[in-house]
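Here's the structure, in structure tokens; my notes come after.
Laboratory data are not the source of any read-out in this text; all were calculated from the coordinates shown. Because the structure is a prediction, the values reported are computed rather than measured. We place every Cβ from the backbone using ideal geometry, glycine too, and count neighbours over all the protein chains shown.
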Amino acid sequence: MSVSYRFTHAITRKPSTSITAGLRAMDIGTPDLAVMQAHHAAYIAALRSTGAQVVELDALEAFPDSVFVEDTALCLPEAAIIMRPGAPSRLGEAAAMAPHLAALYADTRQISGADSFIEGGDILTTETEILVGRSARTNAAGIKELAAVVSDWGHKLREVFTPPGVLHFKTDCSLLDGETVLSTKRLAASGCFDGYKIIHTAEGEEACANTIRFNDLVIMPAGFPKTRDALVKAGYELREIGNSECAKLDGGMSCLSLRFTPRA
Ligand code: CIR
């Protein structure tokens, strides 16, 4: 049974009206809340259609980026580990997530070092290892602390890199199954996926690399036909979800949920 893409649970959080103040590398327009809510509902419906139990948390007005719940925790079968986001405006989101994970997990841990910063968007869990990309949000101290925590359960953690100017490691890649990743060419060129099968995003479609495999579905942002056709041809069951509003804030499919199967 896969631990990296078969899940019984997901947690999401409704977008808040403060989403218009969300962080962004470049201003390409203000997100429209109503459109984002419609996309978010379609995303949750896709997760639920696989049989998973999906928790929808209330919006947090004090945290404009709190719809992007993935950055607050790493959820493994053995425990949930609460992150320390490197964006100062997002630190409080992790604390707000902790009780919800404590309700579903027997064991929760915390990245707590004052110098440790790490966000879930920089972490790709595969069947055999946990890849963590150093980025503007995730530093060496954060990665070291996480490595020590996950070694308790024998997980192997490998530090990799997030290309300069790219928000998170997973902005540029996703897991498609136990041995295959979807990656931009610029990230795969670093060699970080040597040993994996790689499907590259099509030329000009790098923005769809942030996709998720969730049970039988590959859930990807709409509007990337060449990559979609390549994934369909490779045999994946695709579901396309509108992402125009989250994209204005550098968000994609993985950011919108925590996906997990807590071990009883
Ligand atoms: C941020 O800059 O933190 C948010 N606007 C976007 C976070 C996207 N999260 C993710 O890729 N895991």
Total formal charge among the other residues, if their Cβ is under 12 angstrom from that of K185, Lys/Arg +1 and Asp/Glu -1 = -3
Taking Lys and Arg as +1 and Asp and Glu as -1, residues besides P221 with C-beta under 12 Å from its C-beta add up to -2
Computed for the range 1-91: size of charge dipole around the Cα centre, +1 on C-beta of each Lys and Arg, -1 on C-beta of each Asp and Glu, debye to nearest 20, value 180 debye
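Note down the magnitude of the dipole of the chain about its Cα centre, charges +1 on Lys and Arg C-beta and -1 on Asp and Glu C-beta and zero elsewhere, to the nearest 20 debye.
I would put it at about 220 debye.
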Once every DSSP H run of n ≥ 4 in the chain is given -39500 (n - 2.57) and the sum is divided by its residues, what mean residue ellipticity at 222 nm do you get, rounded to the nearest 500 deg cm²/dmol?
-> -6000 deg cm²/dmol
Using label points projected 7 Å from each Cα along Cα→Cβ, tell me how many nm separate V232 and A148, to one decimal.
-> 5.0 nm
Per the 1/(1 + (r/R0)^6) rule, R0 = 45 Å and r from the Cβ atoms of A189 and D58, FRET efficiency to 0.05 is 0.60
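Please work out whether the range 15-106 counts as rounded, prolate or oblate from its C-alpha gyration tensor, where a ≥ b ≥ c are the square roots of the eigenvalues and a/c under 1.5 means rounded, while otherwise a/b larger than b/c means prolate and anything else oblate?
Oblate, since a/c reaches 1.5 and b/c is not below a/b.
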Nearest 0.05, what FRET efficiency do F161 and E203 give at R0 = 22 Å with Cβ-Cβ as r?
-> 0.45
Each label point is 7 Å from the Cα along the Cα-to-Cβ direction; what then is the distance between the points at A45 and T128, in nm?
-> 3.9 nm
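Taking K and R as +1 and D and E as -1, what net charge do the other residues with C-beta under 11 Å from the C-beta of A25 add up to?
0
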Over 27 Å between alpha carbons, listed pairs K156/K226; K185/K233; K14/K248; K144/K248; K14/K185; K197/K248 | K156/K226; K144/K248; K14/K185; K197/K248
Roughly how big is the range 91-164's charge dipole about its Cα centre, with Cβ charges of +1 (Lys, Arg) and -1 (Asp, Glu), in debye to the nearest 20?
-> 120 debye
Which one of P99, P88, P225 is farthest out on the positive end of the charge dipole of the range 9-260, using unit charges on Cβ (Lys, Arg +1; Asp, Glu -1) and the Cα centre as origin?
-> P225
